[in-house]
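The values are calculated or read from the model by the stated rules, or taken from the named source; none is laboratory data. Everything numeric in this text was worked out from a predicted model, so none of it was measured. The accessibility values were calculated without ligands, DNA or RNA, using every heavy atom of the protein model including side chains. Shrake-Rupley method; radii C 1.70, N 1.55, O 1.52, S 1.80 Å.
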Amino acid sequence: MRDLRTHCLTFCSALTTHHTGEDDTAFPVLAAEFPDLRPVLEELRRDHVQVAALMRSLETLLSDDSPPDRDVRTELDTLSALLESHFTYEEKRIATALDSLPPSTWTTPTFLNP
């Protein structure tokens with residue numbers, strides 16, 4: 001269980017950084033350039049909130065020395081299903097818009113600046 005806890009915390013941290021970057025940098029740029037995508041971007045932000053809640057629940061569950069395997073599997077399955085749906089929707093709805101933006105559009109997110 002210790003390895004799962006370590007991998008989960010690492011994955012959750014990376015995913016949080018990814019979603020924070022989207023919410024703070026990519027989505028505002030897309031909303032400005034493609035106003036018709038605003039409802040899609042709001043839906044993706046709502047997904048980010050749900051994903052964060054599921055990750056907190058999983059982290060809490062894994063903080064126990066012996067969490068019930070069934071509970072861990074349920075949380076992982078739920079998180080996996082939401083992420084699969086989220087990434088598929090994201091790819092279908094905003095990938096073309098992202099690809100059309102010139103590199104000069106992007107700036108370094110403030111959370112990456114020293």
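Averaging 1/r over every pair of different alpha carbons in the chain and inverting the result gives a Kirkwood radius of 15.6 Å. In the chain, helical runs assigned H by DSSP with n ≥ 4 each contribute -39500 (n - 2.57); averaged across all residues and rounded to the nearest 500, the mean residue ellipticity at 222 nm is -25500 deg cm²/dmol. Rolling a 1.4 angstrom probe over the chain with all protein chains present gives an accessible area of which 54% lies on carbon and sulfur atoms. Taking every protein chain into account, the accessible area of the chain amounts to 65 square angstrom per residue (probe 1.4 Å).
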